[in-house]
Amino acid sequence: MSQSPPPTEPLIRNISDTAQWAAVYRARETDRPDALFRDPLARRLAGSRGEQIANTLPDGNKNLWTWVTRTYLFDQFISEQIKDGVDMVVNLAAGLDARPYRMALPSSVRWIEVDLPEILTYKEEILAGEKPICQLERIRCDLASVSARRELFDKLGQRAKRTLIVSEGFITYLSPDEAGALAQDLAVPSSFHRWVLDMMSPGLLKMLQKRIGSHLSEAGAPFKFGPPEGPEFFVPFGWKPIDVRSLFKTAGKLKRLPFFLKLMSFLPEAKGPKGSNFWSGICLFEKK
Ligand SMILES: C[S@@+](CC[C@H](N)C(=O)[O-])C[C@H]1O[C@@H](n2cnc3c(N)ncnc32)[C@H](O)[C@@H]1O
């Protein structure tokens, strides 16, 4: 992976470049004196390509609160689940996430990062001199391959008593059929106990497809998932939502919204499916 994209290349070359895009916002949060979390490795991981993506995409520097609140809420869920007895975390499509280096984790926790080979090689080169806090392992696996992921889930399933699956910034790139099939495969190992993921409403999906869809489609990574059922989508595939936290509401409480949005955040959110409303949230699921 080159650091400085030549001008002839598309801004986002493939789905793994979205990992550098996500890392930029963690780097920017880290620079703030009142940071909600600090990720000192994020700047190096994001590289110049990450900065260029954020600086070029429409609204790329506008909605920082969504990215930061997403990370904040995932951190919260992960910490709570580890306190609750999770002994293994499997981070699917981990990208350039550096939680095993920056979170207050017990050293005994096993943390498995799964992603495509190229991005994990890039990450390992950058993090070569760094020491994780817990027991970190990286596994190269194309999660679109049903046989490869079933084999992986089966092996991982035998290695822990209580596993938390994390998938941050991943499900959005799957079609409803693909998301359902992945959920079904994750429901098989008995130790895969809980799953935390981010998702959006059909209304927000449509708006984002319009605003930035062309850049993502060009890279073969369009946003596809924003089911009308909301988190209930996963129930027929073996996962029931047990805790859903709204990005917008949380960002309001954290005082990270611009003035007008802050006023709107005091209004109650519609219960149930969000339809054409712009909504996104982090959802914790339990195996049925
Ligand atoms: C937006 S990034 C999110 C990365 C990280 N979870 C985060 O929040 O910063 C999407 C990630 O999904 C990974 N990914 C996409 N398709 C994948 C697949 N079929 N198998 C494994 N990883 C995949 C990409 O390589 C990339 O790292």
For the range 73-104, how many residues meet the condition of being in contact (Cβ under 8 Å) with a residue 24 or more places away in the chain, of a type in the set (Lys, Arg) and over 18 Å from Ile282 (Cα atoms)? 1
Is it true that some residue in the range 230-239 is under 19 Å from the mean Cα position of the chain (by Cα) and either within 15 Å of the ligand (Cβ to nearest atom) or closer than 17 Å to Thr66 by Cβ (or both)? no
Would you call Ala144 at pLDDT 95 or above, open to solvent by 20 Å² or more (accessible area, probe 1.4 Å), outside any helix (DSSP H, G or I) and small (Gly, Ala, Ser)? yes
Tell me whether the range 149-165 contains one or more residues that are within 18 Å of the chain's Cα centre (by Cα) and surrounded by fewer than 18 Cβ atoms within 10 Å (Cβ to Cβ). no
Any idea how many residues of the range 259-288 are free of Cβ contacts under 8 Å to residues at least 40 places away in the same chain and open to solvent by 60 Å² or more (accessible area, probe 1.4 Å)? 10
Going by the structure shown, is Ile139 closer than 22 Å to Lys240 by Cβ and part of a strand (DSSP E or B)? no
Taking the residues in the range 40-73 that are of a type in the set (Phe, Trp, Tyr) and more than 21 Å from Ile126 (Cβ to Cβ) as candidates, determine which candidate is farthest from the ligand (Cβ to nearest atom). Trp65
I need the full set of residues from the range 119-160 which are free of Cβ contacts under 8 Å to residues at least 12 places away in the same chain, hydrophobic (A, V, I, L, M, F, W, C) and more than 13 Å from the ligand (Cβ to nearest atom), in order please. Ala128
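The values are calculated or read from the model by the stated rules, or taken from the named source; none is laboratory data. Since the structure is predicted, the reported quantities are computational estimates derived from the model, not experimental observations. Heads up, the Cβs are rebuilt from the backbone with ideal geometry, glycines too, and the neighbour counts pull from every protein chain shown. Just the protein is used for accessible areas: all its heavy atoms, side chains included, with ligands, DNA and RNA removed. Shrake-Rupley method; radii C 1.70, N 1.55, O 1.52, S 1.80 Å.
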